[in-house]
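Trainee: Sharing a structure with you now.
The values are calculated or read from the model by the stated rules, or taken from the named source; none is laboratory data. No experiment lies behind these values; they were computed from the predicted model shown. We place every Cβ from the backbone using ideal geometry, glycine too, and count neighbours over all the protein chains shown. The area values use the complete protein model at the heavy-atom level, side chains included, leaving out ligands, DNA and RNA. Shrake-Rupley method; radii C 1.70, N 1.55, O 1.52, S 1.80 Å.
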Amino acid sequence: MSDTPPETPDFDAMTRDIAEVPAVEVIVTVAVNLMSAAAVKLGLTEEGEAHKDLDEARKLVHALAGLLDATATEISSFHAAPLRDGLKSLQLAFREASLVPDEPGQGPGEKYTGPVYG
């Protein structure tokens with residue numbers, strides 16, 4: 001057994017690092033992470049069905065839509081446009097993957113985006 005104590009994270013350094021990151025970058029990073037997680041849960045990765053979970057995907061897509069809706073005036077269209085396109089693609093993929101599709105306007109995130117049609 002080792003006599004050295006486990007390394008503790010340098011929280012001061014971590015705080016300084018995050019303090020230097022612009023809010024737009026944090027928002028975009030979170031959005032991309034939500035998109036990636038939703039794609040996995042929708043079975044859109046190479047592993048496909050192995051990680052498919054539509055209940056989890058619904059939550060992630062809904063959270064992404066809420067984030068984009070809440071930050072629409074905070075991030076430029078340069079950042080927002082591709083995120084909105086990605087969101088719509090995920091919403092359409094969810095609709096296609098569902099055995100019983102939601103009514104228009106009732107799908108994940110459609111509370112924020114309005115009905116999504118292919």
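Trainee: Of the residues that sit in region 1-29 and are in a helix (DSSP H, G or I) and within 22 Å of Phe78 (Cβ to Cβ), which one is most open to solvent (accessible area, probe 1.4 Å)? Step through it out loud before you land on a result.
Mentor: Here is the first cut: in region 1-29, the residues in a helix (DSSP H, G or I) are 11-19, 23-29.
When the remaining residues are screened for being within 22 Å of Phe78 (Cβ to Cβ), the result is 23-29.
Values: Ala23: 69, Val24: 42, Glu25: 104, Val26: 60, Ile27: 34, Val28: 33, Thr29: 79 Å².
Out of the qualifying residues, it is Glu25.
Trainee: Right, next: Report, by residue number, each residue of region 77-93 that is open to solvent by 60 Å² or more (accessible area, probe 1.4 Å), at pLDDT 95 or above and more than 10 Å from Ala39 (Cα to Cα).
Mentor: Pro82, Arg84, Asp85, Lys88
Trainee: Got at least one residue in region 83-100 being in contact with a Gly (Cβ under 7 Å, 6 or more places away or on another chain), closer than 27 Å to Ala23 by Cβ and among the polar types (S, T, N, Q)?
Mentor: yes
Trainee: Out of Gly48, Gly66, report the one residue that is at positive phi and open to solvent by less than 70 Å² (accessible area, probe 1.4 Å). Give the steps one after another, and end with the answer.
Mentor: Numbers: Gly66 fails: at positive phi.
Criteria check complete, one pass: Gly48.
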